[in-house]
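Encoded as structure tokens, the structure appears first; notes follow it.
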Amino acid sequence: MRAWRRTRTRSTTDTLPYPYISECRAKGREEGLAEGETKSVLLVLEGRGLAITEEQRERITSCTDTGRLEKWLRLAGVVATVDELPT
């Protein structure tokens, strides 16, 4: 076996001795998902030509609950106004 295979460096997924890395990675992943879903909700609403007030935009962009954001994304394609998105 070649030497480079025997002395491979640790993979970024090998975090057994460092559990906090896994926690940080999970938190970052969750934050990234929320940001993507937030952007998607706004893009669908804007793409449909619906008016979004600053208060509504703030409510959507400040939400970090991915379950709620997924619900809003499903509804964004069918609501008549942004006010119809549940709180």
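The values are calculated or read from the model by the stated rules, or taken from the named source; none is laboratory data. Keep in mind it's a predicted model, so treat the numbers as computed, not measured. Positions of Cβ are backbone-derived with ideal geometry, glycine not excepted, and every protein chain shown enters the neighbour counts.
Note on region 1-55: residues that are modelled with pLDDT under 85, loosely packed, with under 10 Cβ neighbours inside 10 Å and not in a loop (DSSP other than H, G, I, E, B) total 6.
Considering only region 62-81, state which residues are assigned to a helix (DSSP H, G or I) and touching a Lys or Arg at 6+ places or on another chain (Cβ under 9 Å). I'd like the intermediate steps shown before the answer.
Here is the first cut: in region 62-81, the residues assigned to a helix (DSSP H, G or I) are 62, 66-76.
Once the filter is applied, which keeps residues that are assigned to a helix (DSSP H, G or I) and touching a Lys or Arg at 6+ places or on another chain (Cβ under 9 Å), region 62-81 yields only A76.
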